Amino acid sequence: MAFSADELRVLRRALAIALHPMPLSDEDVQDCLRLAGSVDEAVGEAGRLRAFLLADLARYRDALPGSVTGYLELLQDALAAGYDPRPDDLAALRALRGRPAAAALLERCQILAERSVRARLAGALREDL
């Protein structure tokens with residue numbers, strides 16, 4: 001997410017106000033509300049884009065092995081954006097591991113999947129305490 005110069009100015013003012021509370025002018029309140037709206041809109045757009053990319057990834061995975069190049073590229077992009085590989089991804093990569101790029105990606109995905117499982121288990125254990 002990128003902020004415009006105006007949005008950064010408003011954000012700086014909002015942070016200064018949060019650190020040193022003072023009465024706000026109507027203009028400051030409106031600027032902060034507009035900034036919050038812009039952030040909400042960006043977050044919503046990011047969610048829609050993520051849903052689209054994950055659906056695209058699933059389509060490419062379902063079309064394997066014919067879509068292997070596109071699938072591997074999309075999976076790499078998804079991983080870079082914080083995607084946790086699903087069991088379907090690991091199975092697909094295992095089937096494609098004869099290809100060097102798929103084998104390397106499988107190794108990376110296995111590490112990420114293991115970290116994800118460990119984090120979920122640690123979180124579940126903390127909730128039980």
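At-a-glance table
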{"read-out": "Accessible area expressed per residue, the chain, with surrounding protein chains retained (probe 1.4 Å, Å²)", "value": "70 Å²"}
{"read-out": "Potential extension, residue 7-residue 124 segment - 0.36 nm per residue separation minus Cα distance", "value": "38.2 nm"}
{"read-out": "Added length on full extension, which subtracts the Cα-Cα distance from 0.36 nm per residue, residue 38 to residue 26", "value": "2.5 nm"}
{"read-out": "Surrounding net charge for residue 89, when Lys and Arg each add one and Asp and Glu each subtract one, Cβ distance under 14 Å", "value": "-2"}
{"read-out": "Estimated vicinal HN-Hα couplings, Hz - the range 54-65 in sequence order (Karplus 6.51, -1.76, 1.60; Gly, Pro = x)", "value": "5, 5, 5, 4, 5, 4, 5, 4, 5, 8, 5, x"}
{"read-out": "Nitroxide proxy distance, nm - points 7 Å out along Cα→Cβ at residue 79 and residue 108", "value": "0.4 nm"}
{"read-out": "The range 1-106: chymotrypsin sites (Phe, Trp or Tyr not before Pro) falling in loop per DSSP and having at most 16 other Cβ within 10 Å", "value": "3"}
{"read-out": "Accessible area of the range 1-110 belonging to carbon and sulfur atoms, whole % at 1.4 Å probe", "value": "59 percent"}
{"read-out": "Structure-based [θ]222 nm, the chain - -39500 (n - 2.57) summed over DSSP H runs of at least 4, per residue, nearest 500", "value": "-27500 deg cm²/dmol"}
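The values are calculated or read from the model by the stated rules, or taken from the named source; none is laboratory data. Predicted model only: the values in this text are computed from it and were never measured. We place every Cβ from the backbone using ideal geometry, glycine too, and count neighbours over all the protein chains shown. Remember, those area values only see protein heavy atoms, side chains included, never the ligands or the DNA or RNA. Shrake-Rupley method; radii C 1.70, N 1.55, O 1.52, S 1.80 Å.
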